[in-house]
Amino acid sequence: MSCPICTKATDPEYRPFCSKRCADVDLAKWLGGSYAIPSEDPDDLEEAAQAVEQEERKPH
């Protein structure tokens, strides 16, 4: 199995990553919102649509 961040061989201590650095990069992606789990919840969809509308109204 290879590291999902850099594709090097995994280290059992940091599995599924090869190092603490790659594990931290992955965590930062989750915390930063780069990864997201799609939702079919109508309330979530409505909130997302409202957020997009508000962003479009902001002056650039």
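Okay, here's what the table says:
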read-out	value
Expected 222 nm ellipticity per residue - DSSP helices of 4 or more, -39500 (n - 2.57), all of the chain, to 500	-15500 deg cm²/dmol
Sparse-neighbourhood loop sites, GluC sites (Glu not before Pro) in the chain - DSSP loop, at most 10 other Cβ within 10 angstrom	Glu13, Glu40
Length released on extending from Ala28 to Arg15, taking residue separation times 0.36 nm less the Cα-Cα span	3.0 nm
Under-5 Å amide H pairs with Phe17, H placed in peptide plane, nonlocal only	Asp11
For the stretch 7-20, Karplus couplings with θ = phi - 60° (6.51, -1.76, 1.60), whole Hz, Gly/Pro x	6, 6, 5, 6, 10, x, 5, 10, 3, x, 9, 8, 7, 5
Residues of type lysines that Lys8 reaches as a straight line, Cα spacing below 19 Å, ignoring anything fewer than 8 places off in the same chain	Lys20, Lys29
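None of the figures in this text is laboratory data; all of them are computed from the coordinates on show. Everything quoted here is computed from the prediction, not taken from an experiment. Backbone-built Cβ (ideal geometry, glycine too); neighbour counts: all protein chains shown.
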